[in-house]
Amino acid sequence: MARIDAGSSYVLDVLPPLVLFGLGMSITVAPLTATVMGAVESRHAGVASAVNNAVARAAGLLAVAVLPALAGLTGAAYLDPQIFSSGFHRAVLIAAGLTALGGVLGWLTLGERAPIAQQHTGDYCCAIDAPPLRSLKSAP
């Protein structure tokens, strides 16, 4: 998106990065949520879900509040297209750098764990490793 400027075409300059962003989000968000939920015992699933949602919301709020200031976008910058464009480009590059840094930190600090053994008894469960809601064996 750093290539977008006043003469950009939607199909050539805006759509491809948005599609790439959407693909990146789809291969990142669901596995991250599954990892968070799978890293805790079933009795802590509600707390893990709440923490996951709170962190995601707080990160979005911080990005909206802090990223423009880091990129030099002030209230007056929104009135001048040249200043806004250069600030937008800086913001996109900062966001890309922070994303890459997060990926590297995750790769360096997260190790593999043995998966929690799943019992396949024909029971329906409401969460990972949760007690059964009802058993097929006891159903009338």
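The values are calculated or read from the model by the stated rules, or taken from the named source; none is laboratory data. Remember, it's a predicted structure, so these values are computed and weren't measured experimentally. Here the Cβ positions follow ideal geometry from the backbone for every residue, glycine too, while neighbour counts run over all protein chains shown. Please note that ligands, DNA and RNA were not included when accessible areas were found on the heavy atoms of the full protein model with its side chains. Shrake-Rupley method; radii C 1.70, N 1.55, O 1.52, S 1.80 Å.
So here's what we get for this one:
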| read-out | value |
| --- | --- |
| Answer residue from region 90-99, given it is of a type in the set (A, V, I, L, M, F, W, C) and open to solvent by 90 Å² or more (accessible area, probe 1.4 Å) and is farthest from THR35 (Cα to Cα) among those | LEU93 |
| Pick from region 1-46, criterion touching a residue at least 24 places away in the same chain (Cβ under 8 Å) and touching a Ser or Thr at 6+ places or on another chain (Cβ under 7 Å), ranking: nearest to LEU93 (Cα to Cα) | ASP5 |
| Candidates GLY102, GLY87, filtered to the one that is closer than 27 Å to ILE4 by Cα, of a type outside the set (Asp, Glu), open to solvent by less than 60 Å² (accessible area, probe 1.4 Å) and within 14 Å of the chain's Cα centre (by Cα) | GLY102 |
| Number of the exception - VAL40 against (1) part of a helix (DSSP H, G or I); (2) within 24 Å of TRP107 (Cβ to Cβ) | (1) |
| Residue ID - farthest from ILE94 (Cα to Cα), chosen from residues in region 47-75 that are open to solvent by 50 Å² or more (accessible area, probe 1.4 Å) and not aliphatic (A, V, I, L, M) | ASN53 |
| Test set (1) in a helix (DSSP H, G or I); (2) open to solvent by 80 Å² or more (accessible area, probe 1.4 Å); (3) at pLDDT below 90 - GLN119 fails condition number | (1) |
| Those residues of region 1-37 which are in a loop (DSSP other than H, G, I, E, B) and open to solvent by 70 Å² or more (accessible area, probe 1.4 Å), in sequence order | MET1, ARG3, ASP5, ALA6, GLY7 |
